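First comes the structure, then the notes that go with it.
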Amino acid sequence: MTDGPLTGLRVIDASTVLAGPLLAQLLGDYGAEVVKIEHPAKPDSMRTHGHRKDGHGLWWKMVGRNKRTVGLYLGDPDVRAVFLDLVATADVLVENFRPGTLERWGLGWDVLSEVNPRLILVRVTGFGQTGPYSRRPGFGTLAEAMSGFAAMTGEPDGPPTLPPFGLADAVAGTTGFGVVLAALYHRDARGGRGQVVDLNILAPLVQVLGPQPIAYDQLGIVPARTGNRSANNAPRNTYRTKDDRWVAISTSANSIAARLLSLVGHPEVVDEPWFSSGAERAKRVELLDGYVGAWVAERTRDEVLAQCEAADVAVAPIYDVADLVNDPHVVATDMITTVDDPDLGPVRMSNVVAKLSETPGSIRFTGRAPYADTDEVLEGLVEPETLAALRERGVAA
């Protein structure tokens, strides 16, 4: 039992790397019971992504948390009946097979919705269920390339740059979490039915990148790479300190820009007519960055942080993960929490992402071994001898 707001919901996670599993993880963090379906011979490859310790995937320990694991091959006709019985008990089904795969297995929306009219079916793909690219293999890297992200990321004289982590998948998974809650609200608070959520990985990243389409449509603007600078305001950059550390400073608010330039010894620019506009300041980025960069270079990181904070200027140190997990604010707020793992002992991982005062959610357990809960989850849905026969044929585990 949990104290999360989604306690009582059952989610079937039949997806693999990474958007779908993250979406299901978030639902589980807030109390939903999540049943993870994996191929009996090919468990989710998230288990082997990233670093491992003693044979255990560390990323899986996080994204597999709060999920009970079941081994079923959904393409087998005999397993189909078992799966449909399981679907009848569920509120949400998350899958990321190529369009048409569920239909080929006799598990299309017409079949699923007849078994469970209240079901929310989340279909996660690279490019969506329709359109000329719908049957292409799609990964986050392709979305990062096509969305405009890579084209505008990197130094002005350098190549387009991809993120070294699953950015597009994470954005899609987080977006999908909110969309699923909207579908559940429609069903439960408005008396609606279940429905299909067509979630592709490209569209959420386009949304995150902001007003690029409308700026192109109305003004013909195609963003150029600007490194760590912003076309919307200045100063905004990373700056090297006297002790060879780095800090980030942002002046998205005009009042902070004014305090910063006064702090670094150039209050005269604050009274310039152009200073009150972030876009106009961005046109004079060389001047403003020169003032700020020179001031930062004369001080240690701790001195810069202390003086900026005293002047109420928005500043942060550039951290690596070792700095992050030991930061006093991160520790005090339990942003990185410690969870007991049966294989590795106490492990640290990111906590439930936002705190609800009455129903905060929790990490009940870390990512489990493949197929650890098949018997328990399927108890009452399939006879033991039937399950044994499915295992004998290799379509259950």
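By how many degrees, 0 to 90 and rounded to 10, does the Cα axis of helix 19-29 deviate from the longest principal axis of the chain?
That helix lies at roughly 90 degrees to the long axis.
Accessible area of the chain with a 1.4 Å probe: how many percent of it is carbon plus sulfur? Walk me through the intermediate numbers first.
Values: 10900 of 19740 Å².
On the chain, the fraction of accessible area on carbon and sulfur atoms equals 55 percent.
Candidates (1) 27.0, 111; (2) 21.0, 61; (3) 25.0, 84; which is the computed Rg and Dmax of the Cα atoms in Å?
The value matching this structure is (3).
Which net charge results for the neighbourhood of Val124, defined as the other residues with beta-carbon distances under 12 angstrom from its beta-carbon, given Lys and Arg at +1 and Asp and Glu at -1?
So the surrounding residues net to -2.
D for the range 1-137, whole µm²/s, Stokes-Einstein with Kirkwood Rh over alpha-carbon pairs at 10 °C and 1.306 mPa s: what number?
The Stokes-Einstein estimate is 102 µm²/s.
Helix 301-310 against the longest principal axis of the chain: what's the angle in degrees, Cα atoms only, rounded to the nearest 10?
80
When the helices in the chain are scored as -39500 (n - 2.57) per DSSP H run of 4 or longer and the sum is shared across all residues, what 222 nm value do you end up with, to the nearest 500 deg cm²/dmol?
-10500 deg cm²/dmol
Pairing the Cα long axis of helix 285-297 with the longest principal axis of the chain, what angle in degrees results, from 0 to 90 and rounded to the nearest 10?
Computed tilt is about 90 degrees.
Would you please name the chymotrypsin sites (Phe, Trp or Tyr not before Pro) within the range 285-362 that are DSSP coil residues with at most 14 other C-beta atoms within 10 Å of their C-beta?
Numbers: sites: Tyr291, Trp295, Tyr319; in loops: Tyr319.
For chymotrypsin sites (Phe, Trp or Tyr not before Pro) across the range 285-362 that sit outside H, G, I, E and B with at most 14 neighbouring Cβ atoms in 10 Å, the list reads Tyr319.
What do you get when you divide the Cα radius of gyration of the range 226-301 by 2.2 N^0.38 Å, with N the number of residues?
So the Cα radius of gyration is 1.02 times the expected 2.2 N^0.38 Å.
Determine the relative contact order of the range 56-187: mean sequence separation of Cα pairs under 8 Å and six or more apart, normalised by residue count, in whole percent.
Result for the range 56-187 is 17 percent.
Return the lysines within reach of Lys67: Cα separation strictly under 26 angstrom, same-chain partners fewer than 8 residues apart disregarded; answer none if there are no such residues.
Lys36, Lys42, Lys53, Lys355
Can you tell me the length gained on complete extension of the stretch Val325 to Glu103, counting 0.36 nm per residue apart and subtracting the Cα distance? Kindly include the intermediate steps, with their values, before the conclusion.
Working: separation 222, 0.36 × 222 = 79.92 nm, distance 4.54 nm.
That pair, Val325 and Glu103, stretches by 75.4 nm at full extension.
Label-point separation (nm) for Asp110 and Ala310, each offset 7 Å from Cα along Cα-to-Cβ?
7.4
Note down the relative contact order for the chain as a percent, whole number, built from C-alpha pairs under 8 angstrom at least six residues apart.
20
At 7 Å along Cα-to-Cβ for each site, give me the label-to-label distance between Ala388 and Asp334 in nm.
In this crude spin-label approximation the distance works out to 4.5 nm.
For the range 95-237, compute Rg over Rh where Rg is the Cα radius of gyration and Rh is the Kirkwood radius from the inverse mean 1/r over Cα pairs.
Working: Rg = 18.6 Å, Rh = 17.3 Å.
Checking Rg against Rh, the ratio lands at 1.07.
Please give the solvent-accessible surface of Thr7 in Å², to the nearest 10, using a probe radius of 1.4 Å with every protein chain present.
Roughly 60 Å² of Thr7 is accessible to a 1.4 Å probe.
Write down the accessible area per residue of the range 3-156 in Å², having rolled a 1.4 Å probe over the full set of protein chains.
That works out to 38 Å² per residue.
Pop a pseudo-label 7 angstrom from the Cα along the beta-carbon direction at both Leu344 and Ala41 and give the gap in nm to one decimal.
Once both label points are built, they end up 3.0 nm from each other.
Of all beta bridges DSSP finds with both residues in the chain, what is the antiparallel percent, to the nearest 5?
Numbers: 17 of 40 bridges.
Bridges in the chain that DSSP calls antiparallel: roughly 45 percent.
Averaged per residue, what accessible area in Å² does the range 254-397 show with a 1.4 Å probe, protein chains only?
Per-residue value: 56 Å².
The values are calculated or read from the model by the stated rules, or taken from the named source; none is laboratory data. Given the structure is predicted, the values throughout are model-derived calculations rather than measurements. Glycine also receives a Cβ, built like all others from the backbone with ideal geometry; neighbour counts cover every protein chain displayed. Calculation scope for accessible area: heavy atoms of the full protein, side chains included, ligands and nucleic acids excluded. Shrake-Rupley method; radii C 1.70, N 1.55, O 1.52, S 1.80 Å.
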